[in-house]
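See structure below.
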Amino acid sequence: MRRPKQTSGISSLAIIVISALTGFIALAIAFSALSLGLWIDGLVGQRGPATVCLVVASVPLSLFIMIRLALFLIKRFSHKPRGSTYAVDDTIEDEVPFTGPLEHKEE
């Protein structure tokens with residue numbers, strides 16, 4: 001059984017790059033929330049409330065940023081040029097364009 005060709009304008013490598021980038025951004029947001037929460041808890045002298053609140057708040061934030069970034073990058077990578085860079089010329093180089101009726105002169 002043959003698989004149909006991929007008809008979307010984005011390559012597999014671009015999809016891999018977009019997935020890796022959005023995953024890295026999500027991890028960076030989660031670790032930043034964890035670090036900031038632990039630091040705030042250390043300043044206040046408590047153990048846990050700021051960390052839990054910031055980690056829970058980072059989930060919808062990271063999802064929103066991941067989706068927006070992925071949609072933007074997919075749109076950017078799948079953008080096709082409006083005009084073709086390779087124009088096909090249907091004329092033959094030796095062909096002379098016909099400008100009018102040919103007149104036959106007898107000498």
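The values are calculated or read from the model by the stated rules, or taken from the named source; none is laboratory data. What you see is a predicted model, and the numbers here were worked out from it, not measured in a lab. So basically every Cβ, Gly included, is an ideal-geometry build from the backbone, and we count neighbours across all protein chains shown.
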**OP:** Run down L38, L13, L63 and say which single residue is exposed (fewer than 10 other Cβ atoms within 10 Å of the Cβ), at pLDDT 85 or above and among the hydrophobic types (A, V, I, L, M, F, W, C).
**Re:** L13
**OP:** Six or more apart or on different chains, Cβ under 9 Å: which pairs go from a residue in the range 1-24 that's closer than 22 Å to M66 by Cβ and assigned to a helix (DSSP H, G or I) to one that's small (G, A, S) and modelled with pLDDT under 85? Could you list them?
**Re:** A14/S78
**OP:** For the range 77-97, state whether one or more residues are in a helix (DSSP H, G or I) and either modelled with pLDDT of 70 or more or not aliphatic (A, V, I, L, M) (or both).
**Re:** yes
